[in-house]
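Written out below as structure tokens is the structure these notes cover.
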Amino acid sequence: GAGVSQSPRYKVAKRGQDVALRCDPISGHVSLFWYQQALGQGPEFLTYFQNEAQLDKSGLPSDRFFAERPEGSVSTLKIQRTQQEDSAVYLCASSPRGAGNTIYFGEGSWLTVV
Amino acid sequence: AQSVAQPEDQVNVAEGNPLTVKCTYSVSGNPYLFWYVQYPNRGLQFLLKYITGDNLVKGSYGFEAEFNKSQTSFHLKKPSALVSDSALYFCAVRGRGYSTLTFGKGTMLLVSP
């Protein structure tokens with residue numbers, strides 16, 4: 001596709017429910033990132049993939065958060081046993097290899113935990 | 001570690017006037033610097049970046065930014081603001097050797113008619 005595609009756009013989960021958020025990056029982009037954006041805040045880094053390898057997961061806030069990119073394309077961010085503090089926008093982004101390349105963001109998945 | 005400071009939570013400017021949104025950064029070595037804009041209920045849209053070379057970078061929608069190494073700043077500017085420029089603006093830094101972007105907290109730009 002032309003841009004980074006994320007689904008679902010909006011998700012309401014009951015506390016304790018598991019959720020899965022999908023990201024389809026720009027075709028050919030090697031690098032894929034997940035960020036979390038709380039209301040009124042800047043995006044915070046969660047995790048980074050280069051192809052299928054998860055090279056940095058230092059931003060994942062707890063072991064309830066898990067991300068995968070098994071074939072080096074589509075990625076899924078999974079949150080187990082959701083809690084209210086998980087309510088945020090989850091942004092996926094992709095870029096070609098190389099630190100100077102532009103990172104392009106999707107529209108985000110808005111998660112509300114009730 | 002790398003970090004970004006956007007000292008203003010909000011900037012107000014009248015349409016037609018010049019605007020500046022401030023950003024300072026901290027990183028080891030030479031930085032890659034970016035500006036993104038976010039409209040309500042939307043993702044981040046790339047505006048411009050500094051990689052190397054000319055300190056004045058031109059980007060989308062008439063925006064530009066000036067890299068100042070001695071002041072570790074990368075302020076966003078536009079000569080004549082439009083009401084449609086009203087949005088949330090984020091500055092971000094990526095140090096060489098870092099895999100990720102680090103963002104500031106954002107500055108809300110409000111352009112009045």
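The values are calculated or read from the model by the stated rules, or taken from the named source; none is laboratory data. Keep in mind that this is a model prediction, so the values were computed, not measured. Because the Cβ atoms are built from the backbone with ideal geometry, glycine has one as well, and the counts that use them run over all protein chains shown.
Does A:Gln6 qualify as being surrounded by 14 or more Cβ atoms within 10 Å (Cβ to Cβ), assigned to a loop (DSSP other than H, G, I, E, B) and in contact (Cβ under 8 Å) with a residue 24 or more places away in the chain?
No, not satisfied.
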Q: Find all pairs meeting these conditions: Cβ atoms under 9 angstrom apart; at least six residues apart or on different chains; first residue within the stretch B:86-101 and more than 17 Å from B:Ala65 (Cα to Cα); second residue small (Gly, Ala, Ser) and crowded, with 19+ Cβ neighbours inside 10 Å.
A: B:Ser99/A:Ser31; B:Leu101/A:Ala93; B:Leu101/B:Ala92
(Q) Which of the strands (runs of 3 or more DSSP E) found entirely inside the stretch A:15-69 contain at least 1 residues meeting this: out of contact with any Asp or Glu (no Cβ under 6 Å at 6 or more places or on another chain), buried (at least 21 other Cβ atoms within 10 Å of the Cβ) and β-branched (Val, Ile, Thr)? (A) A:44-50
Q) For B:Leu47, all conditions in the list (1) out of contact with any helix residue (DSSP H, G or I) (no Cβ under 8 Å at 6 or more places or on another chain); (2) under 17 Å from B:Leu109 (Cα atoms); (3) in a strand (DSSP E or B) hold save one; what is the number of the exception? A) (1)
Q: From B:Phe90, B:Phe67, B:Phe63, B:Phe74, grab the single residue that is at the interface with chain A (Cβ under 9 Å from one of its Cβ atoms), surrounded by 12 or more Cβ atoms within 10 Å (Cβ to Cβ) and of a type outside the set (D, E, K, R).
A: B:Phe90
Q: Check whether at least one residue in the stretch B:49-57 is away from chain A (no Cβ under 14 Å), crowded, with 19+ Cβ neighbours inside 10 Å and within 13 Å of the chain's Cα centre (by Cα), and report yes or no.
A: no
Q: Scan the stretch A:73-89 and give yes if some residue there is in a loop (DSSP other than H, G, I, E, B), modelled with pLDDT under 95 and exposed (fewer than 13 other Cβ atoms within 10 Å of the Cβ), otherwise no.
A: no
Q.
So for the stretch A:50-68 (the condition being within 14 Å of another protein chain (Cβ to nearest Cβ) and in contact (Cβ under 8 Å) with a residue 40 or more places away in the chain), does at least one residue qualify?
A. yes
Q.
Tell me yes or no: at least one residue of the stretch A:95-108 is within 30 Å of B:Asn30 (Cα to Cα), part of a strand (DSSP E or B) and more than 9 Å from every other protein chain (Cβ to nearest Cβ).
A. yes
